[in-house]
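Working notes, structure below.
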Amino acid sequence: MTDKILNTVIIGSGPAGYAAAIYTARANLNPVLVSGPEVGGQLTTTPEIGNWPGAKDNPSGFDLMQTMMEHAKQLGTEMLSDTVVKTSLKGEVKELTLASGKVLKTKSVIIGTGAKARYLGIDSEEQYKGKGVSACATCDGFFFRKKTVAVIGGGSAAFIEALFLTNMCEKVYLVHRREGFRAEKVLIDRFDEQVKLGKAEYVLNATVDTILGDGNSVTGVKLKQKDQFIELPLNGLFVAIGHVPATEPFPELEKDDQGYLKTGFGTETQTSIEGVFAAGDCCDPVYRQAITSAGQGCKAALDVEHFLM
Ligand code: NAP
């Protein structure tokens, strides 16, 4: 435990966290940023970012986040590769306990912990996680070169995963529980081109009943499609059905019924406890874009500045 009381601690290293770090550093608040378990957050696994203003060469998510990290560091942000596991946020001095055992004391906190992959929640999924079931094509796609895989979901993330996999797999099925998609039109169009080339195929109005395997690896999936069951032989299955907010270490804060932190208490980014602010996917069930997260990180930093004055 250190007795030094910091001005502000930022929890999370996605666009929200780094934007908050850049703004608080430039306001001479000497921010400390605790990166969390995945430095750079969800975006680091996105092969190509096509909608970050100004980044017209479509950088990879990893490169974009690396640049943000370097920018925040260059301005004087102290980076800790650690994870907040416990918090005590009421009162003027907030205490954050890290996985390493270190305890940080601070006058204010900006939470930008983002969200993590949602899984289907069926027994066979649990049995084959790491044996053919994955939630990250960029991380695990390599293991399925020239193989047949399915991606579950109909949002932008599912299409990005599926498109990435068409570069290396023999065949990619996109399995979705209805006919309409939430994904961006440009991604659907690109996937349609792969369908025309015979490299990909839609399986619609279908939900996963059981992931099939031989005990060591996935061999297929049993789907319920309308009133019948069908089986697809597969080597891998990628789950891309959205995310759940990473808000477990904050039991004192008000959350909605899905676990998103509630904000808007006084200022736009203030949570239910004074001096604690939130930005990005941990508190945004609607927009969840890199650019909106960065914008909220900026707002949280400005709110912290006013709070400390
Ligand atoms: P999402 O947009 O919430 O889509 C989740 C998909 O999974 C939906 O199609 C949903 O079906 C399906 N789903 C949810 N639960 C399911 C279940 N239990 N079984 C089967 N299917 C299920 O999530 P996302 O694709 O991860 O995207 C999250 C956010 O990030 C979105 O706001 C998205 O715009 C953004 N994003 C943007 C980009 C970009 O390049 N602009 C890239 C990635 C993500 P229904 O449609 O039937 O509900």
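Checked against the criterion of being part of a helix (DSSP H, G or I), surrounded by 24 or more Cβ atoms within 10 Å (Cβ to Cβ) and at pLDDT below 95, the stretch 143-150 has no qualifying residue. Looking across the stretch 164-200 at every residue that is more than 16 Å from the ligand (Cβ to nearest atom) and surrounded by fewer than 16 Cβ atoms within 10 Å (Cβ to Cβ), the one that is nearest to GLY154 (Cα to Cα) is identified as ASP192.
Listed conditions (1) over 11 Å from the mean Cα position of the chain (by Cα); (2) under 15 Å from LYS116 (Cβ atoms) are all met by GLN42, apart from (1).
Only residues that are outside any helix (DSSP H, G or I) and of a type in the set (S, T, N, Q): list them for the stretch 269-292, please.
Selection gives THR269, GLN270, THR271, SER272, GLN289.
Evaluated against (1) part of a loop (DSSP other than H, G, I, E, B); (2) within 16 Å of the ligand (Cβ to nearest atom), GLU125 falls short on exactly one condition, (1).
Of the residues making up the stretch 251-284, those that are within 16 Å of the ligand (Cβ to nearest atom) and free of Cβ contacts under 8 Å to residues at least 40 places away in the same chain are ASP256, ASP257, GLN258, GLY259, TYR260, ASP284.
In the stretch 106-128, what residues are crowded, with 24+ Cβ neighbours inside 10 Å and more than 21 Å from the chain's Cα centre (by Cα)?
Of everything in the stretch 106-128, just one residue is crowded, with 24+ Cβ neighbours inside 10 Å and more than 21 Å from the chain's Cα centre (by Cα), namely SER108.
Whether any residue in the stretch 129-137 is modelled with pLDDT of 95 or more and loosely packed, with under 15 Cβ neighbours inside 10 Å is what I want to check. Scanning the stretch 129-137 turns up no residue that is modelled with pLDDT of 95 or more and loosely packed, with under 15 Cβ neighbours inside 10 Å. Listed conditions (1) under 18 Å from SER217 (Cβ atoms); (2) away from the ligand (no atom under 15 Å from the Cβ) are all met by VAL151, apart from (2). Pairs linking a residue in the stretch 109-125 that is under 25 Å from ALA21 (Cβ atoms) to a residue that is away from the ligand (no atom under 11 Å from the Cβ) and of a type in the set (Phe, Trp, Tyr), with Cβ atoms under 8 Å and 6 or more positions apart or on different chains, are VAL109/PHE277; ILE110/PHE277; ILE111/PHE250; ILE111/PHE277. The residues of the stretch 151-167 that are touching a strand residue (DSSP E or B) at 6+ places or on another chain (Cβ under 6 Å) and of a type in the set (Val, Ile, Thr), listed by number, are VAL151, ILE152, THR166.
The values are calculated or read from the model by the stated rules, or taken from the named source; none is laboratory data. Note that the structure is a prediction, hence the values are computed from the model and not measured. Positions of Cβ are generated from backbone atoms using ideal geometry, with glycine treated the same way; all protein chains shown enter the neighbour counts.
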